[in-house]
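Asker: Before I ask anything, let me first share the structure, which is written out below as structure tokens.
The values are calculated or read from the model by the stated rules, or taken from the named source; none is laboratory data. Here the structure is a predicted model, which is why all the values come from computation and not from measurement. Using ideal geometry, Cβ is built from the backbone for each residue, glycine included, and neighbour counts are taken over all protein chains shown.
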Amino acid sequence: MNSSLSNYMPERAERYFSGGADQRTVARALFESVADLPLICPHGHVDPLLFADTNYHFDSPAEFFLIPDHYVFRMLYSQGVPLEAQGVPMNDGEDASAVESDHRRIWQTFAENYHLFQGTPTGLWLRDELHDLFGITGKLTPANAQEIYDKISEQLAAPDFTPRKLFEQFRVEVLTTTDAATDSLEHHQAIRDSDWDGRVYPTFRPDKVVNGIDQQEWQEQVDLLRSVSGVDIVDFPSYITALEQRRDFFREMGATATDHAAETPLTAVLSPGEADAIFQRGLAGSATDGDARLFTAHMLVEMARMSSEDGLVMQLHPGSIRNHNSAVFQRFGADKGADIPHGLDFTRNLKPLLDRFGSHPSLRLILFTLDEATSARELAPLAGHYPILRIGPPWWFYDSINGMRNFFAQVMETAGIYNTVGFNDDTRAFASIPTRHELWRRIACDWLASLLVEGQIDDEDALAMAHALSYGLAKEAYRL
Amino acid sequence: MNSSLSNYMPERAERYFSGGADQRTVARALFESVADLPLICPHGHVDPLLFADTNYHFDSPAEFFLIPDHYVFRMLYSQGVPLEAQGVPMNDGEDASAVESDHRRIWQTFAENYHLFQGTPTGLWLRDELHDLFGITGKLTPANAQEIYDKISEQLAAPDFTPRKLFEQFRVEVLTTTDAATDSLEHHQAIRDSDWDGRVYPTFRPDKVVNGIDQQEWQEQVDLLRSVSGVDIVDFPSYITALEQRRDFFREMGATATDHAAETPLTAVLSPGEADAIFQRGLAGSATDGDARLFTAHMLVEMARMSSEDGLVMQLHPGSIRNHNSAVFQRFGADKGADIPHGLDFTRNLKPLLDRFGSHPSLRLILFTLDEATSARELAPLAGHYPILRIGPPWWFYDSINGMRNFFAQVMETAGIYNTVGFNDDTRAFASIPTRHELWRRIACDWLASLLVEGQIDDEDALAMAHALSYGLAKEAYRL
Amino acid sequence: MNSSLSNYMPERAERYFSGGADQRTVARALFESVADLPLICPHGHVDPLLFADTNYHFDSPAEFFLIPDHYVFRMLYSQGVPLEAQGVPMNDGEDASAVESDHRRIWQTFAENYHLFQGTPTGLWLRDELHDLFGITGKLTPANAQEIYDKISEQLAAPDFTPRKLFEQFRVEVLTTTDAATDSLEHHQAIRDSDWDGRVYPTFRPDKVVNGIDQQEWQEQVDLLRSVSGVDIVDFPSYITALEQRRDFFREMGATATDHAAETPLTAVLSPGEADAIFQRGLAGSATDGDARLFTAHMLVEMARMSSEDGLVMQLHPGSIRNHNSAVFQRFGADKGADIPHGLDFTRNLKPLLDRFGSHPSLRLILFTLDEATSARELAPLAGHYPILRIGPPWWFYDSINGMRNFFAQVMETAGIYNTVGFNDDTRAFASIPTRHELWRRIACDWLASLLVEGQIDDEDALAMAHALSYGLAKEAYRL
């Protein structure tokens, strides 16, 4: 083992910075100027229950770090470790006894496969969380796995290790969750009813009542929508009324944004008659796959229309084939690390929406992509022209050092930073939020430092851009 | 404000160079070896009137820098500044009084939004032009905007600030314009008739009489072609005759190249009967959208055939959806920063043309792309095989530091530099030409320096490649 | 000539390393830790005759370096040097007298065009082979071409310059060839029958009996398959039996893998009736282009099924339009540098295969791409989930410094290195193998050094990853 190589590793304060000594010095100074800014978390998947329950405590280290994290279990799965052995819960009706319930064994299995995360963002997040949250400085190994498990368990159980306390400790200024259109928002109500003043808001995500109109689940979701809205949904207009009513409710509960997923960014404008005909086929259970695609496309334009009226910032996350692994989906359900991106075309697909609303004075539409080829080719030119458009940060597989570097390199020259929206941590794992924001801020400052040492920007610009990318843009873009 | 960061900015002579001290030293030496070479400008959009009018003077700073520059006004537009407020002229029939006519106010609006260009090529060009042409060393701000306006205005009015004088001062060896097939080339004639010996040549761009055969504008353009050519265009053969006649005229006027735009690189070979049938439908106003696509595809092969005979170098610029913003197009017309790229396939689409002419001894076809994914995947392998093919430099949104770096990284390993054609400034803004060429030469030398310090090439190669990329390749490729 | 620039070139031991002094020091130490590891060559195109013939000697320098190398002759062809002048043999029936037979003249032509390879991988390979194999340190020029020709010729004729001796000198641990399903493997048999213990194994490549069922050549190939297998192929089941029999034979001869080319990664599952109907149309000469696509798609799933049973590792190389230049294909045949990539979709196209076999415990499928846009977008997410999938190294046009750097940047964050398979030299040119592996190892170590100096990985990980990428992964992935 040539351990002298460790002499070349940076001190911790300069980690993730690239380039020579000058560039690293600049990156560090820029990072120090933003390191203590509050965190704006405008898009994510943290469960609001964490903040509604005044004394919520996290379960075991396995539950905290592994079991809910599809980045983790899909990697072990790809190398032959069954999901069962990783404690991933099965669908109802499956043989639950096959699922490992001993969290110490799950943790041990993970430790034995920890090398799989060498050079991956998951590896960096885990290492930095272990260090920053739990004070663990050594590397997780099969030999020390149980000792580290004990250490984490102890801290998870500590009285101060509650989401509300962490929220303050992390300096979270505002955090939004993602919630189904039919959600009662009861946890959000409980937070508002409590004496805690942390800003936690819902986000309106109507996918389940919009997408898949050819599926039985859609009909069940519309029943639910009928029930929670109190609107008698019998046709397309009453369906729209129900959605508008839910958006009003979300806005009253603090929401400033909506979110929409779609397999492609296809948008379309149907006549009222066409829309209702598809809708009726949906209710009758006779809608086709083509109906479903067209209905989603039309509803994206409807949602843009609603946002232009009620001011909710619209987000679009297209480009993933969900639940690609049929066998895993059948046994374990959705979100099991088997959502696979494919190539996209924003330029043609968004045109119907943009023809209607591209220059609307109060609409804002934030676009995300899983196809990096579209960043410079389509998203930057679109957002660099249309007033309503902003580009969301690198998402999902691209929430990584290279994903961020590519984003800065591909988007900024054409769109400028002011057509982007800062960072989204987009995570279910509340405790990983500071780590993720720090990584983004470090890479943003590293990029700005490279521009400065090449003479592309001056110090004044660099400092202003670092602040905007770390804090200001997200706050402004999401109207928070 | 941490102003000590400015200590890390490079001296002006080393701006835009990357890497460590060694690499920057090499880049600087390479750049110095090419900095004073004459400029070859084989593709651009400068108005030939500038050189026909012996005493042409530029209008205001707003007219000089902002109003005609779609890179500038689309960025402000994307952030909510109306095109009217930026002085962008409207179509006939629109309410022209809505357009700001006070150029000082337009300039002030620009200064207030100057931060939008941080880290963009437009920002670099503007800064370098202000410095190099007008001696302005400070940054444009809302506070100093009117003072800088005065300073520029004064110099624009100076007796020596004429295009002809600048042409010589810039060391332009040859500059070509882009001209419709039906253009009278009267300004080119005036230049030839004058005693000035600057080499300014037209380029034959027949798009308007080729593309859009399903549009009424095409019929009007064919009427114009009939009129200027004197050929009685009644069928496809007589249309071809008229085009050949115009090409002969352009060649007599010094043209060495043609240029062609198309939404995709589709090429096709129709039978004489098929071509004429589409053509007749075009004349009759009954051509379809499919006719238009196929006609353009066939005409690209026809144009290749003509180039193989008359020696005009053929250029193809595909991949943009023009006038994507319908509302802007209707009010302000074409070329308003709303041309948006989309994904391309050269490999299949060019095959019909290449099957006919791919190895023709006297044809040269220069390909440009707006889809960087095609650079390494398709263009480099194609140009690295077919004798007629060369790859044009990064175009439009990619005429930037990253665009150029990507180009060198994506194209050169497979195609080699000798299947590329040096630089095109591709600009309407005559006075920006030296700045753009300098940026290209700097980034080319930066790339060569990285190859040298990695031991990929030696000093002899680096110097030869720097010369070729800066000067030799463009001159040879365009037969200038 | 500014020869002082040569002072900035690295010493030979640090060539191809990037970054500052620290990173280069780390890269060098990592490289030194793997430089002497044996070579695993699990995919390539070396002729097994080289090892069957105990006293094989290479022909002239032109034959050794140029005539069989499509990387070389296509570059000169692209610049107007006819294939004939480069000694490329013609198809039967063509005028063979047009082909240059004087190898000294071919070599001289190459030397006169050597500058075309500046900054290309071919340029690096040639330079390093001339240096490492033949001790030539100066640059090839038209002036010294014949002198160098003499020097190489002399060494080619030396008694020790045989493939078997070189195999040992290169420290090749195992090398596999690529062989048609109908191949007799006579050279492999000869190697086994000899007293030489070099491990040279075949790879089962059934393309010619699978692809192009609409072509007459397919029928001829099936005749051949019928003959070598002894199976009376009359329908789809008997065709499958014949293929299984051939796979068994290949396995007996040491094969551990199969290889499959296809224009796209389309997979499909046909019913037995559908498969047989297409097969019968193929036999009858009435199959269509659509039949051919579907048959290949179905056969990929069939081959996956066979691999799941017999344990042969399956490789898929999709994405090239073969023999794009019709005129060259007609005169010179296949593999003449005119195979051009195009855009791919793995996500949708592989789904039928993955639905059947994606989590099979004994199947392994290695995917290669010629569309870099799919690396991060599709291959890494797919291989980072499905247990059967691994990602092959950068292939063909991407077997280059940038191709490798892109590969590390695009694949590893999502897939991790353990879902990749190390290096394939993929070459016909046996003597170039050490050079190609060294380039890969250097670039891998350069990448790892960048991770270390940025604090992404530690020294322990870096050393383990260097070993895996240089040696371990290939050996494990191919079950060698």
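Asker: Would you point out which residue out of B:Ile443, B:Ile391, B:Ile433, B:Ile401 is free of Cβ contacts under 8 Å to residues at least 40 places away in the same chain, over 15 Å from C:Gln118 (Cα atoms) and within 21 Å of the chain's Cα centre (by Cα)?
Answerer: B:Ile391
Asker: How many of the residues making up region B:321-338 are within 8 Å of another protein chain (Cβ to nearest Cβ) and in contact (Cβ under 8 Å) with a residue 12 or more places away in the chain?
Answerer: Selection size over region B:321-338: 6.
Asker: Yes or no: region C:378-387 includes at least one residue that is over 24 Å from B:Glu378 (Cβ atoms), touching a Leu at 6+ places or on another chain (Cβ under 7 Å) and modelled with pLDDT of 95 or more.
Answerer: Looking through region C:378-387, at least one residue is over 24 Å from B:Glu378 (Cβ atoms), touching a Leu at 6+ places or on another chain (Cβ under 7 Å) and modelled with pLDDT of 95 or more.
Asker: Condition check: out of contact with any Gly (no Cβ under 7 Å at 6 or more places or on another chain), at pLDDT 95 or above and surrounded by fewer than 23 Cβ atoms within 10 Å (Cβ to Cβ). Does C:Ser362 satisfy that?
Answerer: No.
Asker: Next question, about the same structure. Please pick out the residue among A:Leu451, A:Leu463 that is within 8 Å of chain B (Cβ to nearest Cβ), free of Cβ contacts under 8 Å to residues at least 12 places away in the same chain and part of a helix (DSSP H, G or I).
Answerer: A:Leu451
Asker: The conditions are (1) farther than 22 Å from A:Ser308 by Cβ; (2) outside any helix (DSSP H, G or I); (3) not hydroxyl-bearing (Ser, Thr, Tyr), and A:Val231 fails exactly one of them. Which is it?
Answerer: Among (1) farther than 22 Å from A:Ser308 by Cβ; (2) outside any helix (DSSP H, G or I); (3) not hydroxyl-bearing (Ser, Thr, Tyr), the lone unmet condition for A:Val231 is (1).
Asker: Among the residues in region B:346-355, are any more than 14 Å from chain C (Cβ to nearest Cβ), part of a helix (DSSP H, G or I) and of a type in the set (Phe, Trp, Tyr)?
Answerer: no
Asker: Give region B:57-71 a look and list any residue that's touching a Phe, Trp or Tyr at 6+ places or on another chain (Cβ under 9 Å), away from every other protein chain (no Cβ under 11 Å) and not in a loop (DSSP other than H, G, I, E, B), or say none.
Answerer: Within region B:57-71, B:Pro61, B:Ala62, B:Phe64, B:Phe65, B:Leu66 qualify.
Asker: Of all residues in region A:358-385, which are within 10 Å of another protein chain (Cβ to nearest Cβ) and either closer than 16 Å to A:Ser308 by Cα or not in a helix (DSSP H, G or I) (or both)?
Answerer: A:Gly358, A:Ser359, A:Pro361, A:Thr369, A:Leu370, A:Asp371, A:Glu372, A:Gly384, A:His385
Asker: Any chance region A:29-48 includes a residue that's within 14 Å of chain C (Cβ to nearest Cβ) and either within 19 Å of the chain's Cα centre (by Cα) or buried (at least 21 other Cβ atoms within 10 Å of the Cβ) (or both)?
Answerer: Yes - at least one qualifying residue is present in region A:29-48.
Asker: For residues in region C:4-28 being charged (D, E, K, R) and assigned to a loop (DSSP other than H, G, I, E, B), which is surrounded by the most Cβ atoms within 10 Å (Cβ to Cβ)?
Answerer: The extreme case among them is C:Arg15.
Asker: Which condition does B:Met1 not pass, out of (1) within 9 Å of chain A (Cβ to nearest Cβ); (2) assigned to a loop (DSSP other than H, G, I, E, B); (3) at pLDDT 95 or above, if it passes all the others?
Answerer: (3)
Asker: May I pose another question? Residues to consider are B:Glu173, B:Glu168; find the one that is farther than 30 Å from B:Gln280 by Cβ and in a strand (DSSP E or B).
Answerer: B:Glu173
Asker: Mind counting the residues in region C:73-107 that are free of Cβ contacts under 8 Å to residues at least 40 places away in the same chain, more than 9 Å from chain B (Cβ to nearest Cβ) and either assigned to a helix (DSSP H, G or I) or within 22 Å of the chain's Cα centre (by Cα) (or both)?
Answerer: 7
Asker: (1) under 30 Å from C:Gly138 (Cα atoms); (2) more than 13 Å from chain C (Cβ to nearest Cβ); (3) acidic (Asp, Glu): which one isn't true of B:Glu438, the others all being true?
Answerer: Failed condition: (1).
Asker: Let me ask you something else. How many residues, within region C:118-150, are part of a helix (DSSP H, G or I), of a type outside the set (A, V, I, L, M) and under 21 Å from the mean Cα position of the chain (by Cα)?
Answerer: 7
Asker: I've got another one for you. Would it be correct to say that A:Pro121 is at pLDDT 95 or above and within 14 Å of chain C (Cβ to nearest Cβ)?
Answerer: Yes: the conditions hold for A:Pro121.
Asker: Related question: Of these, B:Asn406, B:Asn402, which one is outside any strand (DSSP E or B), surrounded by fewer than 24 Cβ atoms within 10 Å (Cβ to Cβ), at negative phi and away from chain C (no Cβ under 11 Å)?
Answerer: Exactly one residue qualifies, and that residue is B:Asn402.
Results for (1) surrounded by fewer than 24 Cβ atoms within 10 Å (Cβ to Cβ); (2) within 14 Å of chain C (Cβ to nearest Cβ); (3) not β-branched (Val, Ile, Thr), shown as yes or no for each residue.
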| position | (1), (2), (3) |
| --- | --- |
| A:Pro387 | yes, no, yes |
| A:Phe423 | no, no, yes |
| A:Ala429 | yes, no, yes |
| A:Ile433 | yes, no, no |
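Asker: Let me ask something additional. Taking the conditions exactly as written (assigned to a strand (DSSP E or B), away from chain C (no Cβ under 14 Å), under 27 Å from the mean Cα position of the chain (by Cα) and surrounded by 16 or more Cβ atoms within 10 Å (Cβ to Cβ)), does A:His260 satisfy them or not?
Answerer: Spelling it out, A:His260 is indeed assigned to a strand (DSSP E or B), away from chain C (no Cβ under 14 Å), under 27 Å from the mean Cα position of the chain (by Cα) and surrounded by 16 or more Cβ atoms within 10 Å (Cβ to Cβ).
Asker: Is it the case that region B:161-169 has a residue that's modelled with pLDDT of 95 or more and over 28 Å from the mean Cα position of the chain (by Cα)?
Answerer: No, because not a single residue in region B:161-169 is modelled with pLDDT of 95 or more and over 28 Å from the mean Cα position of the chain (by Cα).
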